[in-house]
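K.L.:
Take this structure, written in structure tokens, and hold onto it; I'll ask about it next.
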Amino acid sequence: MLELAILGSLADGPLRGDELRRRTTRLSSHFRPGPAGDGSLCPVIDHLVGAGLLDRRPDPGAVAARQHVLSLTSTGRAELLRRLRAPDDLDISDSARYFTILAFLSRLPDPGDRHAVLRRRLEFLEQPGNFSYGTDAGSGAGSGTDGTDDPYRRAMLAVARAADHAERSWLREVTAEGNEEAAQARVSTQGPGVLARLAALAGSAPAHRGGALWRLGENGRQLDANVIRLAPRAHVAPHVEPDLDVLVYVAQGAGRLECGGARHELAPGAVAWLPHGARRAVSAGPDGLLYLTVHRRRPGLTIRKAPPAPPAPPVAEEGGEAACLPGRVCPDCGRLAPERGDRYCGRCGTPLPSP
């Protein structure tokens, strides 16, 4: 599988030989001990170059030692996709070989091709007679009655079964129809680290849906953060945040920000600072707008002087009904929407209750 590791490592762009060695060593260390040194790497590279799968050229920036830059040829990229799309049975059954495939499976552009490989792995794991078969159902193998009194052997089997159960649960979830993006979006939020993936969050919800797709909810946090999506042509009405500065990062789409009397165009990669006390409004373009907001954690409720009440809407003399204020109160932050027709909270972006 060293050939696949080399082809996959070069899929994102050319690499010098020493960097390629570091990447393949780091990848193989997850599955088997022992580095991929020059003794094993160089003959494989020579073979791939001779087969026309790699291009090797001298590095013009190398000074102290002779270095080469390696890159995939068009034939090499096609071969990488072929190996990922149609692995043989040993590639599926041998964990080290399978996990090498899994490391580069996202290079396949068609979700159907990716799912086909994952379903083959799941079918192998659930075959009768396989080591892990039946462990979910509380069978003899799963309940620990393995015929040995050796505590270390029992520990080995328990760890292996736990890993197998986690892999099969993940495979079932991902290969469910239309469920791949949602599974990728639901990253564990137990403790620090990666909490969400913006592209996956956007892909897991209908395109017409707006509002908060994700919130930071860890206990003891000092920050609040939200991933907000505005539907095409939707807008956040002008409002003022009296207490907190807000940082906004635009991930997808385009739109316009009005803040402090100035207008700013929003595009992917834009970072905006919204100081407290500044009046701001956001509107989405024809493709909608996805952005991340981060600010200091909002303090608890405090008693403060009430802001001036908005003008009361006119009441019909006959057959009318009073304004339905509960439909204009944000269920998350308690802010009252200034306009009766507003659909989203202007402070945190949460969908407002239906009147």
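The values are calculated or read from the model by the stated rules, or taken from the named source; none is laboratory data. Predicted model only: the values in this text are computed from it and were never measured. Glycine also receives a Cβ, built like all others from the backbone with ideal geometry; neighbour counts cover every protein chain displayed.
K.L.:
Just to be sure I understand, how many residues within the stretch 224-256 are assigned to a loop (DSSP other than H, G, I, E, B) and in contact (Cβ under 8 Å) with a residue 40 or more places away in the chain?
P.N.:
So the count comes out to 8.
K.L.:
Still on this structure, I have one more. Within the set of pairs 6+ apart or on separate chains, which have a first residue in the stretch 94-108 that is outside any loop (DSSP other than H, G, I, E, B), a second that is among the small types (G, A, S), and C-beta atoms under 6 Å apart?
P.N.:
Pairs that qualify, where the first residue is outside any loop (DSSP other than H, G, I, E, B) and the partner is among the small types (G, A, S), are T100/A5; F104/G8; R107/A11.
K.L.:
For L257, are the conditions met, namely being among the aliphatic types (A, V, I, L, M) and closer than 16 Å to N226 by Cα?
P.N.:
Judged against the criteria, L257 is not a match.
K.L.:
Just to be sure I understand, how many residues within the stretch 230-260 are among the acidic types (D, E) and modelled with pLDDT of 90 or more?
P.N.:
Residues that pass the stated criteria total 2.
K.L.:
Let me ask something additional. How many residues does the stretch 282-312 contain that are in a strand (DSSP E or B) and either at negative phi or at pLDDT below 85 (or both)?
P.N.:
Number of matching residues: 14.
K.L.:
Something else: Would you call G277 touching a residue at least 24 places away in the same chain (Cβ under 8 Å) and within 26 Å of L195 (Cα to Cα)?
P.N.:
No: the conditions fail for G277.
K.L.:
Does the stretch 111-128 hold any residues that are at pLDDT 85 or above and out of contact with any Leu (no Cβ under 7 Å at 6 or more places or on another chain), and which are they?
P.N.:
D113, H115, A116, R119, R120, E123, F124, L125
K.L.:
Oh, and also: Among the candidates F131, F99, which residue alone is at pLDDT 85 or above and aromatic (F, W, Y)?
P.N.:
F99
K.L.:
Moving on. Please work out which one of (1) assigned to a helix (DSSP H, G or I); (2) touching a residue at least 12 places away in the same chain (Cβ under 8 Å) is the condition E123 fails and give its number.
P.N.:
Only one criterion in (1) assigned to a helix (DSSP H, G or I); (2) touching a residue at least 12 places away in the same chain (Cβ under 8 Å) is unmet by E123, namely (2).
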